[in-house]
Each structure stands twice: as structure tokens, then as C-alpha cells.
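Take a look at the structure below.
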Amino acid sequence: MAQTEKKGGLLRKSSASKKPLKEKVVLMYDEIFTTEDPSKCNPRFWEELFLMKVNLEYLEGKLEVLDGEELMKIKDNINCLFQHCIQALGEEHPIRVVNALQVLL
């Protein structure tokens, strides 16, 4: 029986015949790091994002590799991320509040 290994946002089967799968939260982070508005295709994007466990290792890694030019290209999405974090802090749902705080830290 193949074991699942979690590392850097990847869910991997130990079997060599299987392709690595990414966590849904990692896929959503990847959408933030594109020039498109992630909520354009999914109006509930931000609500769903803050219900998922934060993967700080992956998120920090994505931010660390950006140079100034790349950061400017996705500036609007990064600003939206922080804006939605702040909005989530005022919500009654404790999971959203905790996850938003973790992203902000």
C-alpha cells in the first residue's frame, strides 16, 4: 500500500507511477501569484481560501523567490490577499479568523 507524504504543498504517493498532487490551498495560492484576479472565475475564492489550513511554508517560499518586477505584476492580487485577510478578522467564523491571522503573520 502506497503511503501519502506531505511536503512543500505536494501530496505525493510513494508509488513511482503516480503523479504528485497539490493541496487545494496550494493551488489557490498559485492562482494568487498569477496576473489574473483569482475571484474572477470563482466568486467565493476568498471565502474558501480562509476555510483551508494555511500552508505557510509554501506561501513564504512563493513570496521569497519574487523579484521586484514580478511582485509589481501581481501587486493587485497581493493587495487583495491582505485586504481579504483583514476583512476575515472581523468575521464570526473562528477558522477564518485564525487562518487570516496566520497569513498576515
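The values are calculated or read from the model by the stated rules, or taken from the named source; none is laboratory data. If you're wondering where the values come from, they're calculated on a predicted model, not measured in any experiment. FYI the Cβ positions are ideal-geometry reconstructions off the backbone, even for glycines, and counts take in every protein chain you see. Quick note on the areas: whole protein, heavy atoms, side chains included, nothing else; ligands and nucleic acids left out. Shrake-Rupley method; radii C 1.70, N 1.55, O 1.52, S 1.80 Å.
Normalised by the residues of region 24-104, what does the relative contact order come to in percent, with Cα pairs under 8 Å and at least six apart? Can you show the working numbers first?
On the way: 64 pairs, mean separation 30.2, N = 81.
Computed over region 24-104, the figure is 37 percent.
For region 24-104, build the convex hull from the C-alpha positions and give me its volume per residue in Å³.
Details: hull volume 6.5 nm³, N = 81.
Residue-normalised Cα hull volume stands at 80 Å³.
For LYS19 and ASN79, FRET efficiency with R0 = 22 Å and r from the beta-carbon atoms, rounded to 0.05?
Details: r = 34 Å, r/R0 = 1.53.
With R0 = 22 Å, the Cβ-Cβ based efficiency is 0.05.
If the limit is 19 Å between Cα atoms, which of LYS40/LYS73; LYS40/LYS62; LYS22/LYS53; LYS19/LYS40; LYS24/LYS62; LYS19/LYS53 go over it? Walk me through the numbers before you get to the answer.
On the way: LYS40/LYS73 17 Å; LYS40/LYS62 21 Å; LYS22/LYS53 14 Å; LYS19/LYS40 28 Å; LYS24/LYS62 16 Å; LYS19/LYS53 23 Å.
With Cα atoms farther than 19 Å apart: LYS40/LYS62; LYS19/LYS40; LYS19/LYS53.
Do any trypsin sites (Lys or Arg not before Pro) in region 45-105 lie in a DSSP loop with no more than 13 other beta carbon atoms within 10 Å, and if so, which? Let's see the in-between values first.
Working: sites: LYS53, LYS62, LYS73, LYS75, ARG96; in loops: LYS53.
In loop regions of region 45-105 (DSSP not H, G, I, E or B), the sparsely surrounded trypsin sites (Lys or Arg not before Pro) are LYS53.
For region 24-104, which whole-number percentage of the solvent-accessible area (1.4 Å probe, protein heavy atoms only) is attributable to carbon and sulfur atoms?
Numbers: 2820 of 5040 Å².
Here it works out to 56 percent.
So which GluC sites (Glu not before Pro) in region 33-105 are both in a DSSP loop and have at most 15 other Cβ atoms within 10 Å of their Cβ?
Working: sites: GLU36, GLU47, GLU48, GLU57, GLU60, GLU64, GLU69, GLU70, GLU91, GLU92; in loops: GLU36, GLU91, GLU92.
Passing both the DSSP loop test and the Cβ count: GLU36, GLU91, GLU92.
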